[in-house]
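The values are calculated or read from the model by the stated rules, or taken from the named source; none is laboratory data. Since the structure is predicted, the reported quantities are computational estimates derived from the model, not experimental observations. Here the Cβ positions follow ideal geometry from the backbone for every residue, glycine too, while neighbour counts run over all protein chains shown.
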Amino acid sequence: MIPALLNPCELEIDLFCKGMRIDPSCALVEDGRGVSRTRAGLGSGLELVLPGSLKNIWMNVPVEEDFARASPYRLVKSGTAYWVEDDRAGLRYPVRVPSEPSWYARRTSSGTPMRRIGVLQGTYLGIYISNSCLYWYSDPSMHCRFCTTGANVGVNEVALKGLEDVVEVARTAREESGVTFVHFNSGYSKRCHEEAAPFVKAVKDRVGGLIGLQLMPSRDLSVYDRLIDLGVDHFSFCYEFQNPEYFARYLPGKEATLGQQAFFDALEYTARKLGKGAVSGEIIAGVEPIEDTLRAIDYITGVGAFPTVCIFRPVIGSDMERHPSPRYDDMRIVFQHVYDACRRNRIPIGLAPNLEVSLICQHDDTRYLASPGISTWMYEAWLAAMRRLAQPVFRSRMAPRFAAAAASAAAGPC
Ligand code: SF4
């Protein structure tokens, strides 16, 4: 069947599923961001921007995996412009290749290369705070089967990050790249919340911006109260699979040390504390049966969180590198369901300023998949109103706390 022209979200989904080849006409060393093999391996592709009428979509396209070599999609350069061509039907899509920020080539005051402290993934700054993940060091290894963190941390990134280095890179990314969101991430560590706290406080106080944390769930839920007080705006919990058998089979460490319920408890608690749309449940689509993925989306939105759905990527070097990449038709159903579930549960999506996540098909990318009708129209009108109302809230949340406190002290009492 000859494929029809896809909208930007459909193209994003198909590129995640099929990957892309690079035509010799491309000059990515000069024009693009280098392929970065960091963390669980999801960022191992090429960053692209797919322009669209509702929003521009940032994505990280698989280009190195075997399945990408068989992709019908090819990135070509013509003059100064880039296109993704679909060789099956001679279709072509205009795209933008975001350039590498100039600070990637610089060092912090202590001499550490800045790109080894944090990297842009879309428009946000991702920082892996801890020294890898203990699941990789147990015997037998209990690492998640799709993950390559054990091979990547310390190769492309500094394993133990210094507080001052992190503050300096966060400030530089904010000033020079317009970053509004810093995401701290860690694998399994018994002290991950204590380790994260000083980084959260230092960046919130001295740099500002929105702060996200992606750590293992804590059974002591009061930990989240303290982290929120320090300035965390967002938590995400990677439980990956709704089906308990898949959870146990592919996440042996999480099954043995925490269990699925710990993720649900932390997700529900923080969603209640921070309000609708501030917390996310992170899952992988394309491995467990699609009915389970749809159930996960219903559960996550039902508790007031938003679903962060990664299309499974068989990353080179992972145990699952031979597992097939998901089918487009299945993934389109999944992401249409994301939109419908967010609409039904009135989850505010796409409110945070300049926050585009390239590793996944972001919840508000799915606005391109909405079925026309009164319920979509009403949800979109509500989102537009929420976007306006949220602007002053985000402005105040993003101010550095030291600066805000100093300003109000200088103003003095009336
Ligand atoms: S928790 Fe799992 S996905 Fe995360 S770093 Fe460890 S092994 Fe990888």
Selection status of PRO24, in contact (Cβ under 8 Å) with a residue 60 or more places away in the chain and not charged (D, E, K, R): no
Number of positions in segment 207-222 that are of a type in the set (S, T, N, Q), more than 14 Å from the ligand (Cβ to nearest atom) and in contact (Cβ under 8 Å) with a residue 40 or more places away in the chain: 1
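Of these, VAL167, VAL232, which one is among the β-branched types (Val, Ile, Thr), more than 16 Å from the ligand (Cβ to nearest atom) and surrounded by 21 or more Cβ atoms within 10 Å (Cβ to Cβ)?
Working: VAL167 fails: surrounded by 21 or more Cβ atoms within 10 Å (Cβ to Cβ).
Result of the check over VAL167, VAL232: VAL232.
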Number of positions in segment 352-369 that are crowded, with 19+ Cβ neighbours inside 10 Å and in a loop (DSSP other than H, G, I, E, B): 8
Segment 176-194 - residue that is away from the ligand (no atom under 16 Å from the Cβ) and part of a strand (DSSP E or B) and, of those, surrounded by the most Cβ atoms within 10 Å (Cβ to Cβ): VAL182
Failed condition for ASP330, given (1) in a helix (DSSP H, G or I); (2) touching an Asp or Glu at 6+ places or on another chain (Cβ under 9 Å); (3) under 26 Å from GLY373 (Cα atoms): (2)
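For LEU125, indicate whether it is in contact (Cβ under 8 Å) with a residue 24 or more places away in the chain, out of contact with any His (no Cβ under 9 Å at 6 or more places or on another chain) and either surrounded by 21 or more Cβ atoms within 10 Å (Cβ to Cβ) or not hydroxyl-bearing (Ser, Thr, Tyr) (or both). Spell out how you get there, then give the answer.
Numbers: in contact (Cβ under 8 Å) with a residue 24 or more places away in the chain: yes; out of contact with any His (no Cβ under 9 Å at 6 or more places or on another chain): no; either surrounded by 21 or more Cβ atoms within 10 Å (Cβ to Cβ) or not hydroxyl-bearing (Ser, Thr, Tyr) (or both): yes.
Answer is no for this residue.
On the basis of being over 18 Å from the mean Cα position of the chain (by Cα) and of a type outside the set (Lys, Arg), does GLU240 make the cut?
Numbers: over 18 Å from the mean Cα position of the chain (by Cα): no; of a type outside the set (Lys, Arg): yes.
No.
Please indicate, with yes or no, whether at least one residue in segment 262-276 is among the hydrophobic types (A, V, I, L, M, F, W, C), within 14 Å of the ligand (Cβ to nearest atom) and either touching a His at 6+ places or on another chain (Cβ under 8 Å) or in contact (Cβ under 8 Å) with a residue 24 or more places away in the chain (or both).
Going through segment 262-276, the residues among the hydrophobic types (A, V, I, L, M, F, W, C) turn out to be 262-264, 266-267, 271, 274.
Those still in the list that are within 14 Å of the ligand (Cβ to nearest atom) too: 262-263.
If we keep only those that are either touching a His at 6+ places or on another chain (Cβ under 8 Å) or in contact (Cβ under 8 Å) with a residue 24 or more places away in the chain (or both) as well, we get 262-263.
Within segment 262-276 (the criterion being among the hydrophobic types (A, V, I, L, M, F, W, C), within 14 Å of the ligand (Cβ to nearest atom) and either touching a His at 6+ places or on another chain (Cβ under 8 Å) or in contact (Cβ under 8 Å) with a residue 24 or more places away in the chain (or both)), the answer is yes, since at least one residue qualifies.
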Per-region count, segment 302-324, residues at pLDDT 95 or above and of a type in the set (Ser, Thr, Tyr): 1
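Inspect segment 195-206 for any residue being within 16 Å of the ligand (Cβ to nearest atom) and either buried (at least 22 other Cβ atoms within 10 Å of the Cβ) or part of a loop (DSSP other than H, G, I, E, B) (or both) and give the result as yes or no.
Yes.
Residues are listed down the side, and each one gets a yes or a no for (1) within 16 Å of the ligand (Cβ to nearest atom); (2) in a helix (DSSP H, G or I):
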{"position": "ARG74", "(1), (2)": "no, no"}
{"position": "TRP83", "(1), (2)": "no, no"}
{"position": "ARG88", "(1), (2)": "no, no"}
{"position": "ARG92", "(1), (2)": "no, no"}
{"position": "ILE127", "(1), (2)": "yes, no"}
{"position": "TRP136", "(1), (2)": "yes, yes"}
{"position": "PRO140", "(1), (2)": "yes, no"}
{"position": "GLY150", "(1), (2)": "yes, yes"}
